[in-house]
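For reference, the structure is listed below as structure tokens.
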Amino acid sequence: MTPPLLRGDRGQTLPIYIWLTGILLFAAFAFFAFAQAASARNGAQTAADASALAAAQDARDELMDGLKAAVGQDDDWLDWLTGLQGPRGVGATAAAQQLASENDSTVQGGAQPTVSGGFPGYRVGIRTNYTVGDSIIPGTENKHAEAHAVAVIQPRCDFTPDSDPTKPVELDCDGQIVNIDPGDYNPDDLPDANVLFSVHLAE
């Protein structure tokens, strides 16, 4: 026969066990809620990064088109290599939205031209189409994650400052030598855009 004292101890232990179990379950659900939020934020940032890069790459393509048309026709064609002419980015927003859609997100306010570190680029803000999801934290079932990113177009080529734009010019593009002769020029002779300009995230 169990002594009365031991039976009393057992009766007191059960409520404590239930209480501790409840705390552990709450902590587990809370951790899961924070993990859901973190996953949504990460997804939003991935979409923002991809969208900003897409906008800048589209603008770089326009920059290349401008350069190809300017060599041999415009005495200021070297300015295109420094980024001074700047991309117009007509298709930047559409390119950004395409990548955002592939990441189940939507661009907010379009791809906005900006300058970061002295280089032209685009700032893109996105909002996920999906929500954080149901959790013990009220309102998460209707909460969308948001993020932004900036991507820039950085010139990669150096040339002598007093270069004559009407004569052959030698470019040093991060160690790769590119020669352009405006008097004997074929647009197809220009290297790929990524040789002349790099596109990367700025922040």
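The values are calculated or read from the model by the stated rules, or taken from the named source; none is laboratory data. As the structure is a computational prediction, the values presented were derived from the model and not from experiment. Every residue, glycine as well, gets a Cβ built from its backbone with ideal geometry; the counts of neighbours run over all protein chains shown.
Observations
- Where strands (runs of 3 or more DSSP E) fall entirely within region 125-203, those with at least 3 residues that are at pLDDT 90 or above, within 24 Å of the chain's Cα centre (by Cα) and crowded, with 16+ Cβ neighbours inside 10 Å are at 144-155, 197-201.
- The set of residues from region 43-100 being surrounded by fewer than 21 Cβ atoms within 10 Å (Cβ to Cβ), part of a helix (DSSP H, G or I), more than 20 Å from the chain's Cα centre (by Cα) and not small (Gly, Ala, Ser) comprises Met64, Asp65, Lys68, Asp79, Thr82.
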